[in-house]
Every structure is written in C-alpha cells, then in structure tokens.
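Step one of this worksheet: look at the structure below.
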C-alpha cells in the first residue's frame, strides 16, 4: 500500500459530524443509496451472523434493516461523534421503553474511534461500514481493528469514496493545499485489506452523479453533512467573494440540461476473516484432522 499523501484533522472531522447530526437525514441521500446497493450485494452472500457491528453508524438508519434481515441477532452501533449516536438512539421515555417489552432488544451504542474499538476479539460475525473509511487518511489501522473484532469466518462489508469523487470541484480549485477532500484509491484499499489479514477481498466501483440546480446547493450539502474538506494542509484563511464567484462561474460551464453535476466515485468491498496461519508469537499453526475410518 502506498503511504498516504495527506493527513486529516480528525478532531475537526469529529466536531463537524456532531454539528451535522441533528439535520443529517436531510442531506444523506447519497449514503442511503449506497446503503441500498450494499444491501443488494449482501443478498448474494449466505451468512447467519451471531452479532452485527455497524461501524460509523451515524444517526443509525441501517440498524432497523439489520433487525428485519436478521431478526433477534444482537446489533452493535459505533460512531466517533456522540451527537450521531444520540440521534441513532433517539429519545426513549418510560412509555417507549415499556412498549419495547417482549420485542427484540435495541442495539448497543458505543462512542469510539475506528482505530481502537472497545470490542472483544472475534466477537462479531458481520461488520458493516457505510461511507466511513474515507475519513481515515490511512485505512490500515481501522482495517486491522475490524479484522481483530471479527470471528473466523466473519464478513466485512464496506463502502468508501474514491479519488474521482468531486472531480468537477477539484479541477476548479487553485493550487496550494487540499481544498477538496482527498480520497484513497481502490487498489490501495485492497492492499490494506490484505495487509490487515483479510482473505479473498472483492472490490468494485461505480460512478454516481448527483445533480444540483445551483452551485451553492452543492456547497451547502457538503457543509451540512459534515463533508467539507478536513485535510490538515487545507487553506486556513478567509475565502473572499471573488474566489467563490470564480468557482460559480467555472462550475456554470459544466451545466447540462439545466443541472450541475457532482461526480461521486463509490468503492464497494467485502472480505472474510480466514483462520490464522501464524500465532501472535510468530509460530506456525498446524491443524491435525482425524482421518475418517474406512
């Protein structure tokens, strides 16, 4: 895997996610569509999980679907932003709690960094992560943690964004620091999966084009969803009106059939945790199987 060429301001990422939480469902159309397409991929995989982890759950829109797909299976929801978890948990007064009696248990909610999960080794059968990895400037530590908490035979299914995302906006930005969020190439993600210990990774990508009536609507959605650039080397000074007007004018040249495009490269992947071949102390693991009697 190539070394990351950028660093993210992770406290800023967390702070922006918290600020976005109350109104995130108003601007999560892309995340909902990607989740739907991930679900279609999951339809083709035979799996009977014993415990499900939604990593980077946000306000929790995927949790109800897991309850329907795998009734009665414990669900664990983790996010790094407390406000997102509060939105996922919802307000539950005494009456709502009483109404839940006799029904499947609610998910367990934990606030944690994807690089240091407070989850026991080998305790998760299905780890689902929708559009979280793009907030890691180096995906390897998070993938290593995912591998650790999965049981042998467990499945990781994830989506992230590739480097062609927001290419129209990126091409219009002046040089000097990252002004548009950088994204890691699919092949580097694949290399990190193998390095983290995953077996048989399968990856593919597709382009999704969002369209807007106005340039300012695109910028508003990026900010409202907490998705504005958080690169550590982003320009810190105030951006003048002239800069924004030049961006509007440049983007206007891209208008087609009355709409402005915003290209999104979505990367999908899944991989399994195979039985280890080497113990943690470096010794090879040799398995002996009883020979069947003739």
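Yes/no per residue for (1) at pLDDT 95 or above; (2) over 14 Å from the mean Cα position of the chain (by Cα):
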{"site": "110", "(1), (2)": "yes, yes"}
{"site": "126", "(1), (2)": "yes, yes"}
{"site": "134", "(1), (2)": "yes, no"}
{"site": "158", "(1), (2)": "yes, no"}
{"site": "161", "(1), (2)": "yes, no"}
{"site": "170", "(1), (2)": "no, yes"}
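Go through the range 108-132 and give me each residue that's assigned to a strand (DSSP E or B) and surrounded by fewer than 21 Cβ atoms within 10 Å (Cβ to Cβ). Answer for the range 108-132, where residues must be assigned to a strand (DSSP E or B) and surrounded by fewer than 21 Cβ atoms within 10 Å (Cβ to Cβ): 108, 109, 110, 111.
Counting only residues that are in a helix (DSSP H, G or I), in contact with a strand residue (DSSP E or B) (Cβ under 8 Å, 6 or more places away or on another chain) and touching a residue at least 40 places away in the same chain (Cβ under 8 Å), the range 156-195 holds 7 of them. Considering (1) in contact with a helix residue (DSSP H, G or I) (Cβ under 7 Å, 6 or more places away or on another chain); (2) crowded, with 18+ Cβ neighbours inside 10 Å; (3) not in a loop (DSSP other than H, G, I, E, B), the lone condition that residue 265 does not fulfil carries the number (1). In the condition set (1) modelled with pLDDT under 95; (2) more than 21 Å from the chain's Cα centre (by Cα), residue 73 is compliant with all but (1). Only a single criterion out of (1) assigned to a loop (DSSP other than H, G, I, E, B); (2) closer than 26 Å to residue 26 by Cβ is not satisfied by residue 50, namely (2). On the basis of being part of a helix (DSSP H, G or I) and either surrounded by 16 or more Cβ atoms within 10 Å (Cβ to Cβ) or more than 23 Å from the chain's Cα centre (by Cα) (or both), does residue 223 make the cut? Here the answer is no, as residue 223 does not meet what is asked. Here is the figure for the range 133-155: residues that are within 23 Å of residue 11 (Cβ to Cβ), touching a strand residue (DSSP E or B) at 6+ places or on another chain (Cβ under 6 Å) and surrounded by fewer than 23 Cβ atoms within 10 Å (Cβ to Cβ) total 2.
Could you list, in sequence order, the residues of the range 1-29 that are buried (at least 16 other Cβ atoms within 10 Å of the Cβ) and farther than 21 Å from residue 137 by Cα? Selection gives 21, 24, 27, 28. Only one of the listed residues (254, 260) is at pLDDT 95 or above, outside any strand (DSSP E or B), within 30 Å of the chain's Cα centre (by Cα) and under 22 Å from residue 162 (Cβ atoms). That residue is 254.
The values are calculated or read from the model by the stated rules, or taken from the named source; none is laboratory data. These numbers were taken from a predicted model, which means no experiment stands behind them. Note that we place each Cβ from the backbone using ideal geometry, even for glycine, and neighbour counts take in every protein chain shown.
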